[in-house]
Amino acid sequence: MPVTFSSREIKAENQRCSRGVSVAIENVSIAFGERTVLENFDVEIPAGEFVAIVGRSGCGKSTLLRSVAGLETPQAGTISVGKVAGHEKPDVRVMFQDSRLLPWRRVLPNVMLGLEPALIAQAQKVLAQVGLAERANDWPATLSGGQRQRVALARALVHDPNLLLLDEPLGSLDALTRIEMQQLIEDIWRSRGFTAMLVTHDVAEALSLADRVILIEGGRVALDEVVNIPRPRTRGSARFAALEERVLGRVLQRRPAVEDQW
Amino acid sequence: MNQDQKSAMKTQLQRGNLAKRALPWVVPILLLIVWQWASSAGVLPSRFLPSPRAVVHSFIELSASGELWTHVRVSTLRALSGFVVGGGLGLLLGLLTGSLRWAETLLDTTIQMGRNIPPLALIPLVILWFGIDESAKLFLVSLGVFFPVYINTFHGIRSVDRGLLEMGRTYGLSGWSLYREIILPGALPSILVGVRFSLGLMWVILIVAETISARSGIGYMTMNAREFMQTDVMVVGILLYAILGKLADLLAKGLERYWLRWNPAYETAR
């Protein structure tokens, strides 16, 4: 479901391109009881960057994202989300793995959660942007998984966030819907210019969306790789495949030499 | 009669949809037919059970004289006021203990102990306290209705999806807005289960209370009829309870269908 923007819309959106804020994670340590999840974790994210955070299950990537969102409090260290000109407090939104739509609100009222009623036109516009304008009056229960995530995306976008945190939002979708959603997220990110942090276990997803991929291992940054592939990216390209192999190899901790012996 | 049934069955089979709708009524109608036959054949003496025809006759007579409606009104009023008082208290306390930890610690143990006393076991004490006044019935019904509403409200609040609460907070909801948008609607399915359960219980308790001590109401009418061996009036009273119980259930179902129309488990037209 590629989203098309008219040229006028793109122009209007481009004027807001400086919406992103920087994120500084310094010396952050988080532990749940005995188990240390993150230890002296340091990452700087410049404004407007799309960062993907990958790692095995339980490596602390979701915890990192949740602490940036303020849903977890680190035992040590600081997380600061930069200020934007003219705004007191940067707007941070989270998209979860499950859509977390309120089942008792129809689609449009879900998008308008926490929004002033007067901004209904704005909500309708964003809903149209994710391609669900005609489902505005339906119950979430009647939507497919992919459609629900699109509503959740619209709900986050309607606040015009400075920082969008994506906690494996496409993890439970089928392969085709996932690629559609990746395109949608990329298009909207490019037109709006917010800072994005995507947590995913799918290396190919990370590489097709992000400017930079960070691998977390043992509570620290194990790999911090800039993705130098021009957009729009094609998964089949040699550069893409080589990079994917490298990151995946690092995640699985196998050295190329060992693999050659097989 | 056999012939009739056979032909009826045949048309039912031909129209599958009609058969499906008629099927639940086959057994009750059959029972009614057997009952009427047993009465008119003299197998069933009318001092044990009147014939269906006599019941219908007595129903018409009682409703024409207005006596029936007086009793129905009195009983319904008692049932509903007990439901409002007991259910309202149950809802309020359930919301309180469900939402606030200290309220749960303070009250829940006491309420759980009280729950194990059947309200009807209190009848001797209640008669002692209130006589056979209206307040006795109100007290018993309220008490009985209180617990199902309380327990299901408490449980409903506690089982609200944590993920939705977290999401709501990231969207700036807190305090009353979080309560209104997420906690209350999330607890509503469970609360309505409690309401439905207590609407059933409401009639059961009222029947017993009215049968034991009352000067009006359906239970009184039924007990009074026993003195004069008017089995037809007794059956009318019993059937009235069945109808009123069913109406209360339909009301609860209607509320569920309206309030929970977002929930695919309560399928209705969108």
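Would you confirm whether or not the range A:126-135 contains a residue that is in a loop (DSSP other than H, G, I, E, B), surrounded by 18 or more Cβ atoms within 10 Å (Cβ to Cβ) and within 13 Å of chain B (Cβ to nearest Cβ)? Checking the range A:126-135: not a single residue is in a loop (DSSP other than H, G, I, E, B), surrounded by 18 or more Cβ atoms within 10 Å (Cβ to Cβ) and within 13 Å of chain B (Cβ to nearest Cβ). Of all residues in the range A:146-196, those satisfying the criterion of being buried (at least 19 other Cβ atoms within 10 Å of the Cβ) and among the β-branched types (Val, Ile, Thr) are A:Val151, A:Val158, A:Ile185, A:Ile188, A:Thr195.
The range B:107-219 holds helices (runs of 4 or more DSSP H) entirely within its bounds, and those carrying 2 or more residues that are out of contact with any Asp or Glu (no Cβ under 8 Å at 6 or more places or on another chain) and within 13 Å of chain A (Cβ to nearest Cβ) map to B:162-170, B:175-178, B:184-212.
Scanning the range B:194-215 for residues that are farther than 11 Å from B:Val141 by Cα and at pLDDT 90 or above yields B:Gly194, B:Val195, B:Arg196, B:Phe197.
One line per residue, one yes/no per condition, for (1) of a type in the set (A, V, I, L, M); (2) under 25 Å from A:Ile25 (Cβ atoms); (3) assigned by TED's automatic domain parsing to the domain that holds A:Leu115:
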{"position": "A:Ala141", "(1), (2), (3)": "yes, no, yes"}
{"position": "A:Val151", "(1), (2), (3)": "yes, no, yes"}
{"position": "A:Asp167", "(1), (2), (3)": "no, yes, no"}
{"position": "A:Leu176", "(1), (2), (3)": "yes, no, no"}
{"position": "A:Thr195", "(1), (2), (3)": "no, yes, no"}
{"position": "A:Thr200", "(1), (2), (3)": "no, yes, no"}
{"position": "A:Val227", "(1), (2), (3)": "yes, yes, no"}
{"position": "A:Glu244", "(1), (2), (3)": "no, no, no"}
{"position": "A:Arg250", "(1), (2), (3)": "no, yes, no"}
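Which of the strands (runs of 3 or more DSSP E) found entirely inside the range A:34-96 contain at least 2 residues meeting this: of a type in the set (A, V, I, L, M), more than 14 Å from chain B (Cβ to nearest Cβ) and in contact (Cβ under 8 Å) with a residue 24 or more places away in the chain?
Correct list: A:35-45, A:50-54, A:76-81.
The values are calculated or read from the model by the stated rules, or taken from the named source; none is laboratory data. These figures come from a predicted structure and were not determined experimentally. Reconstructed Cβ throughout: ideal geometry from the backbone, glycine too, with neighbour counts over all protein chains shown.
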